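The values are calculated or read from the model by the stated rules, or taken from the named source; none is laboratory data. Note that the coordinates shown come from a computational prediction; the quantities given were computed from them, not determined experimentally. Ideal geometry is used to build each Cβ from the backbone, glycine not excepted, and the neighbour counts take in all protein chains shown.
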């Protein structure tokens, strides 16, 4: 592998440290965020490195802001780190009341913010599943497309909960809203 010109965002496999992503480029080294061991500085000539998906191939050094942007992208791609998603103002401090049809049974009260947090976690885990499917080496392109269609339908099913989100860019989008 020619390792002297890989850019930020390149996914790597290291014999000792496992999978990682380049988050910084220096003259003779890469700063690599490894899933299991954190950020390590590794020589560009290290024979234990193997690129999986080269990106942003360049001989230039990267700036700090580029590193920050790439690191955020990498964290979303490789981890279960949740994005901070604000609850709509009108729902803050609210509760959901689940009332059984049988009025003799006790209703269940759920704080809206707790319910909202679970919805956001569900969305984030669906995104991770999408990434896992897209990166899977054994699935055919047809299998990937079929699985993606199911996930898109799941998003469509969840559009009812869009009313809870403060910002429209966090909404669930199904087939009709995807523009495809």
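Some notes on this structure:
- Residue in segment 140-161 that is closer than 25 Å to residue 11 by Cβ, without any contact (Cβ under 8 Å) to a residue 60 or more places away in the chain and in a loop (DSSP other than H, G, I, E, B) present: yes
- For segment 116-130, the criterion of being in contact with a strand residue (DSSP E or B) (Cβ under 6 Å, 6 or more places away or on another chain) and in a helix (DSSP H, G or I) is met by at least one residue.
- Scanning segment 89-121 for residues that are within 19 Å of the chain's Cα centre (by Cα) and under 12 Å from residue 164 (Cβ atoms) yields 116, 117, 118, 119, 120.
- Near pairs, Cβ below 6 angstrom, 6+ apart or cross-chain, from segment 2-13 (not assigned by TED's automatic domain parsing to the domain that holds residue 24) to any residue that is in a loop (DSSP other than H, G, I, E, B) and modelled with pLDDT of 80 or more: 3/44; 4/44
- Residue within segment 7-24 that is modelled with pLDDT under 85 and surrounded by fewer than 12 Cβ atoms within 10 Å (Cβ to Cβ) present: no
- Count of segment 21-35 residues, restricted to those that are over 16 Å from residue 132 (Cα atoms) and either free of Cβ contacts under 8 Å to residues at least 12 places away in the same chain or outside any loop (DSSP other than H, G, I, E, B) (or both), is 10.
- Residue in segment 76-88 that is at pLDDT 70 or above and assigned to a helix (DSSP H, G or I) present: no
- The residue list 18, 38, 48 contains one member that is closer than 18 Å to residue 135 by Cα and not assigned by TED's automatic domain parsing to the domain that holds residue 135, which is 18.
- Residue list for segment 162-180, restricted to those being over 30 Å from residue 112 (Cβ atoms) and either modelled with pLDDT of 90 or more or part of a helix (DSSP H, G or I) (or both): none
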